[in-house]
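Asks: Provided herewith is a single structure, encoded as structure tokens, for subsequent inquiry.
The values are calculated or read from the model by the stated rules, or taken from the named source; none is laboratory data. Predicted model, so just to flag it, every value in this text is computed and none were measured. Every residue, glycine as well, gets a Cβ built from its backbone with ideal geometry; the counts of neighbours run over all protein chains shown. Just so you know, the surface numbers come from the protein's heavy atoms only, side chains and all, with ligands and any DNA or RNA stripped out. Shrake-Rupley method; radii C 1.70, N 1.55, O 1.52, S 1.80 Å.
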Amino acid sequence: MGEKVIELVHLQKQFGDHTVLRDIHLSVEKGEVLSIIGASGSGKSTMLRCINLLETPTSGQVLYHGQDITAREMNLSQYRAKVGMVFQSFNLFNNMTALQNCVTGQMSVLRRSRAEAEKIAMEYLGRVGMTPYIHARPAQLSGGQKQRVAIAGVMAMEPKCIVLDEPTAMLDPNGRKEVIRTAHELNRKKGVTIILITHYMEEVVDADKVIVMDQGKVVMQGTPREVFSQVGKLKEYRLDVPQVTILADLLRQSGIDVPVGVLHRQELVDAILRVAQIGE
């Protein structure tokens, strides 16, 4: 077992008589990429908001390195600097440039000098490919560029974990690829733990672990291959499946010997070529 960064223990959340989260228990390990999927209304976003205490759990615990974040002695500002959130709405100040957006949090929360904050902001804007746009305001940027600035702003706080709540929902395909590639690069190069909510299944296939939620509960979990190999079960939970996985499943049902849980196009191509060579 690795080091647990975040752990949810018997987490419940109610709004009046409506129970949104039901006895959630899961953990996220250091350096892990965790994807959370589920149909609309399954409780995904509420769970993430509880992780950052934007919503207060009704019962249960949210632990950060074993410490309950609801405890009186917890410094919430410092915690949120370590567990940064990126939303689908970009969360940028429209009257500030990209650079200014990445500086303001550092100065107000971490009390860095402007010179130090700008130096660090420039580093992370460079990491996400936004150096040419440091003086641009959000209105001058594409959706994908805005989201990369938002990620750079969170990274400039040098968090241990980034929580992304459907960060690509409002983006075109190229913008979605930019943002997901950026998140994975930060995970590989900086060891940042990533928690990603998405409804695009193609963004899930390279995660370390997948959680499936339905009606406020965790109903499936495992590696992407383990989860996506259960095509019928995912459809019961009203979820899409990567097109290549569906095609592989149909081929297998028709008697062609392809692996269970195919996730990538090249993987399917290689399997079909092997079958063709055996048949020659």
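Asks: Angle check, please: helix 98-109 long axis (alpha carbons) against the longest principal axis of the chain (alpha carbons), in degrees 0 to 90, nearest 10.
Replies: On a 0 to 90 degree scale, this one is about 70.
Asks: Here's a follow-up. What size of dipole, in debye to the nearest 20, comes out for region 194-254 about its Cα centre when the only charges are +1 on Lys and Arg C-beta atoms and -1 on Asp and Glu C-beta atoms? Walk me through the numbers before you get to the answer.
Replies: Values: 7 positive and 9 negative charges, 47 e Å.
Roughly 220 debye for region 194-254.
Asks: With unit charges on the beta carbon (Lys/Arg positive, Asp/Glu negative), name the residue among 56, 268, 258 whose Cα is farthest towards the positive pole of the charge dipole of the chain.
Replies: Looking along the dipole axis, the top candidate is 56.
Asks: Follow-up. With every protein chain left in place, what is the accessible area of residue 124 in Å² (1.4 Å probe, nearest 10)?
Replies: Counting only protein heavy atoms, the figure is 10 Å².
Asks: Take the alpha carbon gyration tensor of the chain, find the square roots of its eigenvalues, order them as a ≥ b ≥ c, and report rounded if a/c is under 1.5; if not, report prolate when a/b exceeds b/c, else oblate. Present the calculation step by step, with values, prior to reporting the outcome.
Replies: Numbers: a/c = 2.18, a/b = 1.37, b/c = 1.59.
Because a/c hits 1.5 or more and a/b fails to exceed b/c, the chain counts as oblate.
Asks: Would you give the gap between the C-alpha center of region 208-277 and the C-alpha center of region 1-21, rounded to a whole Å?
Replies: Here the two parts' Cα centres lie 28 Å apart.
Asks: Arranged from highest to lowest average of other beta-carbon atoms within 10 Å per residue, in what order do the peptides 180-192, 30-42 appear? Before the final figure, lay out each step's value.
Replies: Values: 180-192: 16.8, 30-42: 19.8.
The peptides rank, most packed first, as 30-42, 180-192.
Asks: Taking square-rooted eigenvalues a ≥ b ≥ c of the alpha carbon gyration tensor, is region 195-280 rounded, prolate or oblate, where a/c under 1.5 means rounded and, failing that, a/b exceeding b/c means prolate?
Replies: prolate
Asks: In Å², and per residue, what accessible area does region 119-226 have when probed at 1.4 Å with the other protein chains present?
Replies: With the other protein chains kept in place, region 119-226 gives 42 Å² per residue.
Asks: If you place +1 on the Cβ of every Lys and Arg, -1 on the Cβ of every Asp and Glu, and leave all else neutral, what size is the dipole of region 162-280 about its Cα centre, to the nearest 20 Debye? Each step should come with its number before you reach the end.
Replies: On the way: 15 positive and 18 negative charges, 46 e Å.
For this selection, approximately 220 debye.
Asks: Mind grabbing the accessible area of residue 268 for me, 1.4 Å probe, Å², rounded to tens?
Replies: Its accessible surface works out to 10 Å², give or take rounding.
Asks: Using θ = phi - 60° and the Karplus curve 6.51 cos²θ - 1.76 cosθ + 1.60, what whole-Hz ³J(HN,Hα) does each residue of region 36-43 get, with Gly and Pro shown as x?
Replies: For region 36-43, the Karplus-derived couplings read 10, 10, x, 5, 4, x, 7, x Hz, x marking Gly and Pro.
Asks: Could you size up the charge dipole of the chain around its Cα centre, putting +1 on the beta carbon of Lys and Arg and -1 on that of Asp and Glu, and report it in debye to the nearest 20?
Replies: Details: 33 positive and 31 negative charges, 167 e Å.
Computed charge dipole of the chain: roughly 800 debye.
Asks: Among the listed pairs 30/160; 4/146; 82/190, give every one whose C-alpha distance is greater than 20 Å. Intermediate values should be presented prior to the final figure.
Replies: On the way: 30/160 8 Å; 4/146 31 Å; 82/190 14 Å.
The answer is 4/146.
Asks: Could you tell me which residue out of 6, 24, 218 lies farthest along the dipole of the chain toward its positive end? Charges go on the beta carbon: Lys and Arg +1, Asp and Glu -1, centred on the Cα centre.
Replies: Toward the positive end, the furthest listed residue is 6.
Asks: Let me know the shape class of region 1-122, please: from the alpha-carbon gyration tensor, a ≥ b ≥ c as square roots of the eigenvalues, rounded when a/c is under 1.5, otherwise prolate if a/b is greater than b/c, or oblate.
Replies: Details: a/c = 2.03, a/b = 1.67, b/c = 1.21.
Note, shape of region 1-122 comes out prolate.
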